[in-house]
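**Q** Attaching a single structure in structure tokens format; questions to follow.
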Amino acid sequence: MEYVLIYILNGLYFTSFVFLTSLGLNIILGVMGILNLAHGALYAIGAFVAAWLIGSMFAGMSVLLILAGGLVAAIGIAGACGLLMEISFIRPMYNRTLEYQLLITFGAMLAVEGLIKMIWGGQSYYASAPFVSMGSIEIVGSVYPVYFIFAMVLSFATGFGLWLLLSKTRLGIMLRAISMDREMAQAMGIRIKWFNTLAFALGAGLAGLAGALIIPTTPATLGIGMDPLIRAFIVVVIGGLGSLRGALLGSLIVGETRSFGVAYFPEIELPLLFLVAVVILVVKPEGLFGSK
Amino acid sequence: MDEKRFNRRSLLKQMGLAGAGLTASGLAGATYKVRKATAAENRSIPKTPLKVAVVSFLSGPASGPFGIPGNNSFKICAEEINKQGGIAGRKIEMKSYDEAGGTDSQVKLARKLIMDDKVDIILGYISSADCKAILPLSDELGGLIFAYDCGTHVLMEKEKSPYDVPKYGLGFRTAAHLAIDNIALARYIQKHYPDVKKVAGINQDYAWGRDSWMIFERAIKKLLPHVEVVKTLWPQIYTKDYTAHISSLLSSGAEIVHSSMWGGDTVTFTKQAIGMGLFKKARMAMSRGEPYPQEVGEDFPENQIICCAGTHYFLYPPQDKWPLNKKFVADYHKAYGKYPPYPAYHAYQAIYAYKHAVEKAVSLVGGWPTKKEIAMAASGLSFETPSGILTIGKDHNAREDVLVGETKKVKSFDFPILEPENSSIFPAHEVNTPVGLRTVDWIDSWEA
Amino acid sequence: MDVKSAIRSPKAFVYLAVFVLLLPLANFLSPYQVMLLEAGITLGISALGFNLLLRYTGLLSFGHGALFAVGAYTVGMMYKYFPALYSIEILIPASIIVSMIVAGIFGYICVRHTFIFFAIITMAVSMVIFTLLLKFYHFTGGSDGIHIELPTMLGTSYTGIKRFEFLSGPYYYFLICIFAVCVIVMQGIVNSPFGKTLQSIRDNEVRAEMVGIRVKRYRWYAFLVSGIFTGLGGALYSFINGHVTPELAEWIFSGEIVFMTLLGGFMIFEGPIIGAILFTYLQLYLTSWTEYWQFAMGVILILLVLLLPQGISGGVADLYRKLKKSKTREIS
């Protein structure tokens, strides 16, 4: 029983990454109605940029500084990639049918994965200096790495910041207006074209941040974005498409199911997650916070 | 002989399917192809270079720890062989292919290599799934295939022991299978920690991890019947977050934790386990841990039990006593700035097994041998490698001794090493399954 | 279109001509090329099933890889657990029945959704099938998959025969005949009242509901039929590949099915078949040509969507129409 608290904490840690990944996916889906299959590839870009910067530039500099540099660079480069993608080939897709929208992001996923391989080669990149140098502390009777707490705080803070952006600022209100009714927003004089670009770049930047944030704990390898993408899909499915609250609750379900699944039902941890998702779907087809 | 298979009965059946005239022409074509394949060979040694295809992971998570070191070693070895005049006078023309992309595309690639490119041999495969899918192609398509690294113990085994060998006439595995490491770990624990009570396992959730744990569990229960298994965890392969697993191991109170994890997964797990204090409470027993102290560096904890997939270690056999290891380590370190991990040794074994088999066959038949003759020469072959002497059994599977030791920090290296003088060597007959037996049956037959 | 006029239509002549041309092809191509062609044809059967949903029902499935895997695994499982029944006359109906059952459950969960929701849900459900294949290691062989032996065919055993001889001999003719049957049956389905109902639902769901069509029920039927074709393709494919792994059920492969359908052009009935065959060659030659095949594939896909949205067949049809137009203009 004494370990229950630490299991909850582990679940929260996992939640924080799933949440951060699903945020970007959800924004793009909500504002533009496009399911971005290349989201995992953007996540991978963030991971590689961070691993490359932190791993090779670490010598002699302060850990926090280099970590911050790595995270910002990852957001910037992944965001820029998103920007380029949107302008060059996503934009002509808005008035095309669904199969083309999905297929073009599928193609983008393959191309970006290939591009990463061209730039960084096939091998893994290690950059664990921030994780190691932050050390561990005693928490609820267990040893716990400080970096995990840092990652959790950062990712939930990002979620909160995004919520502020969407609900309190003019920009956010316009974005929400677009996601509710595109034509009406356009009629009201919102320049949809640029908001699309902005939303896509924002989503891509968030994917890059998620990828960069995980790097100190694990090497960057090709295909690193596949599993987060699938988990983010599950979050979006059970939380409801385009809902921020849904993303948070969905991530919590995914994270805690995993943590307790590993502890108590290690044999069926993964099917358990899908089972939960399917049950939610059968009971509430539009997801927990979705609207039809 | 093969022509008989296309007899009149099957002809009539084909007719029923597709119409008489068309089928007759199909039959003529098929028999023609068969005849062409069995035409008499020219015995003189060709002047053309040998086409050697090397397939290993050049991208993806398995490339860093296995594929690239293996491919590097293949390159060094091929260069060395060519420098010394090639194989029976024929130079090696080596081409590397990526094993990534899934079993399906590997089957297609192997078909292309054998049937379209007509390579002399395929050396390769790290993934057990690929090995299982591709070794049957050796006999189906008539191509020589030496699997160099994949570990599944059932690859060369049949459904029931005793069975007749070999399973594949033209398919080999020039390294020992995963059972040797796990049996050696169990024997090491029996020898050095006979009082251990609680063990746990954390293995990747796919065939490799499942098989490794199954063999270890069987062996340890046979050797130390009082041992209790308190937890078995199955993280998905390429998991990025092991916090849940580490907490679960901590709560189980296990003294020794068995793991067959590899690559970035091991590095990730080790670092997170250091951060969560696992190594203060438990000792890891890693069945293929050899490359990771070097990968993780000085943070890698001391006193962890590590196995070397055989005796593949840059310090064993001691370089002053075994010049072959000295030369290999020096060549590899010079070219790639690292000490060769075990897949590099496995690559050496594969390409030199082919060299020795061809040369043996050439001297026996007095001309260029057929693939079948090369296979016959390779069966039972024994030759010197940087890790000692390697023997390929009649079941076309290699047999090796195993080195097991514990990590220790020393001044001369910036990562913990296994000191050969403080490690245990388990001779091949104590850890390798005898020819014609299934591994599980063999372990079950041990006297307690 | 009744049967008589269907037989007399020029399309029937083209089909017959293609069929007659395909039959002796096994003798002219190398066994290796025959195997490639066969792989393309089996994928074509699956893509044909997929397109019943996309083109004729207006539903984009991103989970058809799982149904393909179900068909392929049925063959593997039959060998593992019922080796006595391992003949192709039993295996084909068995895989049809199993894919129908799985598609029934799969479809029941999914057809309540449309558009992007449908795509996401099919992807999620296909991942359930993927994890089940992966997790139930003792039953399915896990990530190592299952080896597929050569089946007996019409009572003849082919043990001891090399796979490529079987594939470029008897199996080729068998496959071509099944292929012909599939094309004819699918032609029948899309031109039947059932097919027309589906298209009316696709064009206007509300109107269809108004005239008394039970929309969800019909979508579910379409999913069933589609699943059967895809599963059948998987079963036929398994013999060619000789090995099945859970990767077939992963969403990447589902994406490839969408890719090949659009490559061929999904607005034309035969498009998916052309696309599947082209895709097989494209993938193989790209992977052996360059290490960066993934990048090349992605770029091709993006260019395809941007420049040739109607696929190869649509592009050719367009070109033909334009040529015709310019010709008539010259005359006038």
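**Q** Can you give the charge dipole size of the range B:161-252 about its Cα centre, rounded to the nearest 20 debye, using +1 on the beta carbon of Lys and Arg and -1 on the beta carbon of Asp and Glu? Present the calculation step by step, with values, prior to reporting the outcome.
**A** Details: 12 positive and 8 negative charges, 37 e Å.
Computed about the Cα centre, the dipole is about 180 debye.
**Q** Still on this structure: Peptides C:118-125, A:227-234: what's the order by average Cβ count within 10 Å, highest mean first?
**A** Descending mean neighbour count gives C:118-125, A:227-234.
**Q** Continuing with the same structure: Over the protein assembly as shown, what is the percentage of antiparallel beta bridges among all DSSP beta bridges, to the nearest 5?
**A** 40 percent
**Q** If you fit an axis through the alpha-carbon atoms of helix B:179-192 and take the longest principal axis of the Cα set of chain B, what angle between them do you get, 0 to 90°, nearest 10?
**A** Result, in degrees: 20.
**Q** Continuing with the same structure: Contact order normalised by length for the range C:3-250, with contacts defined as Cα pairs under 8 Å and 6 or more residues apart; what percent is it?
**A** Relative CO of the range C:3-250 lands at 41 percent.
**Q** Further question: For the pairs B:LYS167/B:LYS222; B:LYS51/B:LYS338; A:LYS284/C:LYS216, note any where the Cα-Cα span goes beyond 22 Å.
**A** With Cα atoms farther than 22 Å apart: B:LYS167/B:LYS222; B:LYS51/B:LYS338.
**Q** How far is helix B:207-223 tilted off the main Cα axis of chain B, in degrees rounded to 10, range 0 to 90?
**A** So the helix axis and the longest Cα principal axis differ by about 60 degrees.
**Q** Further question on the same structure: Rank by packing, highest mean first: peptides A:32-45, A:254-267, with packing defined as the count of other Cβ atoms within 10 Å averaged across residues.
**A** Sorting A:32-45, A:254-267 by mean packing, highest first, produces A:32-45, A:254-267.
**Q** Shifting gears a bit: Dipole of chain B (Lys/Arg Cβ +1, Asp/Glu Cβ -1, origin at the Cα centre): which of B:HIS312, B:VAL54, B:TRP322 lies farthest to the positive side?
**A** B:VAL54
**Q** If each DSSP helix of 4+ residues adds -39,500 (n - 2.57) and the sum is divided by the residues in chain B, what number results at 222 nm, nearest 500 deg cm²/dmol?
**A** Taken over chain B, the calculation gives -13000 deg cm²/dmol.
**Q** Spelling out what I want: for every residue of the range B:82-99, take phi, set θ = phi - 60°, compute 6.51 cos²θ - 1.76 cosθ + 1.60 (Karplus), and round to whole Hz; glycine and proline get x.
**A** Each residue of the range B:82-99 in turn: 4, 4, 8, x, x, 9, 6, x, 9, 6, 9, 10, 9, 10, 9, 10, 7, 7 Hz.
**Q** Just to be sure I understand: if I project the alpha-carbon convex hull of the range C:159-199 onto a plane and average over all orientations, what area do I get in nm²?
**A** Mean shadow area of the hull around the Cα atoms is 3.7 nm².
**Q** Okay, moving on. Can you list the residues, at least 5 places off or on another chain, whose amide H is less than 5 Å from the amide H of B:THR385, using H built in the peptide plane?
**A** It is B:LEU390, by chain and number.
**Q** Non-local amide H neighbours of A:SER136 (under 5 Å, H modeled in plane, Pro and chain starts lacking H): which ones?
**A** When sequence neighbours closer than 5 places are left aside, the close amide H contacts are A:VAL146.
**Q** Running a GNM on chain B with Cα contacts under 10 Å, which residue among B:ILE189, B:ILE389, B:ILE351 ends up with the highest mean-square fluctuation?
**A** Residue with maximal mean-square fluctuation among B:ILE189, B:ILE389, B:ILE351: B:ILE389.
**Q** Residues of the range A:4-42 with the amide nitrogen closer than 19 Å to a label point 7 Å from the Cα of A:MET180, along Cα-to-Cβ, please.
**A** A:27-33
**Q** Using label points projected 7 Å from each Cα along Cα→Cβ, tell me how many nm separate C:VAL18 and A:LYS284, to one decimal.
**A** 4.8 nm
**Q** Provide a whole-number value for the mean count of partner chain Cβ atoms within 10 Å of the Cβ atoms in peptide B:55-63.
**A** 5
**Q** Can you give me the relative contact order of chain B as a percent, contacts being Cα pairs under 8 Å and 6 or more apart?
**A** That works out to 17 percent.
**Q** How would the protein assembly as shown be classified by its alpha-carbon gyration tensor: rounded, prolate or oblate, with rounded meaning a/c under 1.5 and the a/b versus b/c comparison settling the rest?
**A** Values: a/c = 1.75, a/b = 1.09, b/c = 1.61.
Taking the square roots of the gyration eigenvalues as a ≥ b ≥ c, the protein assembly as shown is oblate.
**Q** Follow-up. Please work out whether chain A counts as rounded, prolate or oblate from its C-alpha gyration tensor, where a ≥ b ≥ c are the square roots of the eigenvalues and a/c under 1.5 means rounded, while otherwise a/b larger than b/c means prolate and anything else oblate? Spell out each step's value before the answer.
**A** Working: a/c = 1.67, a/b = 1.23, b/c = 1.36.
It comes out oblate by the Cα gyration axes.
**Q** Name the shape class, rounded, prolate or oblate, that the alpha-carbon gyration tensor gives for chain B, where a ≥ b ≥ c are the square roots of its eigenvalues, rounded holds for a/c under 1.5, and otherwise prolate holds if a/b is larger than b/c and oblate otherwise.
**A** Because a/c hits 1.5 or more and a/b exceeds b/c, chain B counts as prolate.
**Q** Give me the inter-chain shielding for C:241-253: mean count of other chain Cβ atoms within 10 Å, whole number please.
**A** Working: counts 6, 7, 11, 3, 9, 3, 6, 3, 0, 3, 6, 6, 2.
Partner-chain Cβ atoms within 10 Å, mean over residues of C:241-253: 5.
**Q** Angle between the Cα long axis of helix B:323-336 and the longest principal axis of chain B, 0 to 90 degrees, nearest 10?
**A** 90 degrees
**Q** Could you run the Karplus curve 6.51 cos²θ - 1.76 cosθ + 1.60 with θ = phi - 60° over the range A:277-289 and give me ³J(HN,Hα) per residue in whole Hz, x for Gly and Pro?
**A** After applying 6.51 cos²θ - 1.76 cosθ + 1.60, I find 4, 5, 4, 4, 5, 5, 6, 9, x, 8, x, 4, 10 Hz.
**Q** Another question, then. Report the FRET efficiency, 1/(1 + (r/R0)^6), for B:ILE425 and A:SER56, where r is their Cβ-Cβ distance and R0 is 51 Å, rounded to 0.05.
**A** For R0 = 51 Å, the calculated efficiency reads 0.80.
**Q** Taking amide H positions as placed in the peptide plane 1.01 Å from N, state which residues far from B:THR232 in sequence (5 or more) or on other chains have amide H under 5 Å from it.
**A** It is B:GLY201, by chain and number.
**Q** In whole Hz and in residue order, list the ³J(HN,Hα) couplings for the range B:353-363 that follow from phi through the Karplus curve 6.51 cos²θ - 1.76 cosθ + 1.60, θ = phi - 60°; x for Gly and Pro.
**A** Running phi through 6.51 cos²θ - 1.76 cosθ + 1.60 with θ = phi - 60° gives 4, 5, 4, 5, 5, 5, 5, 5, 5, 4, 5 Hz.
**Q** Any of B:LYS221/B:LYS281; B:LYS95/B:LYS118; B:LYS108/C:LYS135; B:LYS112/B:LYS394; B:LYS95/B:LYS326 with alpha carbons more than 19 Å apart? Name them for me.
**A** The pairs that break the limit, which is 19 Å between Cα atoms, are B:LYS221/B:LYS281; B:LYS108/C:LYS135; B:LYS112/B:LYS394; B:LYS95/B:LYS326.
**Q** Count, for each residue of C:23-31, the Cβ atoms from other chains sitting within 10 Å of its Cβ, then give me the mean as a whole number.
**A** So the per-residue partner count for this stretch is 5.
**Q** Once R0 is set to 51 Å, what does the formula 1/(1 + (r/R0)^6) return for the Cβ-Cβ distance between C:LEU25 and A:PHE265, expressed as a FRET efficiency to the nearest 0.05?
**A** That gives a FRET efficiency of 0.45.
**Q** So which DSSP H runs in chain C come out at 24 Å plus along the axis (Cα) with average Kyte-Doolittle of at least 1.6?
**A** Numbers: long enough: C:31-57 (38 Å, 0.94); C:64-81 (25 Å, 0.63); C:88-110 (31 Å, 2.18); C:115-135 (30 Å, 2.40); C:170-191 (32 Å, 1.82); C:215-241 (38 Å, 0.58); C:271-289 (26 Å, 1.14); C:311-331 (30 Å, -0.66).
Helices meeting the span and hydropathy rule in chain C are C:88-110, C:115-135, C:170-191.
**Q** Dipole of the range A:4-283, Cα-centred, from +1 at each Lys and Arg C-beta and -1 at each Asp and Glu C-beta, to the nearest 20 debye?
**A** Computed charge dipole of the range A:4-283: roughly 760 debye.
**Q** Right, something else. Given charges of +1 on the Cβ of Lys and Arg and -1 on the Cβ of Asp and Glu, with all other atoms neutral, how large is the dipole of the protein assembly as shown about its Cα centre, in debye to the nearest 20?
**A** Computed charge dipole of the protein assembly as shown: roughly 2920 debye.
**Q** Please arrange C:LEU43, C:LEU132, B:LEU418, C:LEU36 by how many other C-beta atoms lie within 10 Å of their C-beta, fewest to most.
**A** Numbers: C:LEU43 28, C:LEU132 17, B:LEU418 25, C:LEU36 22.
Neighbour counts put them in this order, fewest first: C:LEU132, C:LEU36, B:LEU418, C:LEU43.
**Q** While we're looking at this one, here's another question. What does the charge count near B:LEU250 come to, summing +1 for each Lys or Arg and -1 for each Asp or Glu among other residues with Cβ under 11 Å from its Cβ?
**A** +2
**Q** Between C:PHE115 and C:LYS324, what is the label-to-label distance in nm when each label sits 7 Å out along the Cα-to-Cβ direction?
**A** It is 3.5 nm.
We did not get these values from a lab; they are worked out from the coordinates using the rules stated. Note that this is a predicted model, so its numbers are computed, not measured. FYI the Cβ positions are ideal-geometry reconstructions off the backbone, even for glycines, and counts take in every protein chain you see.
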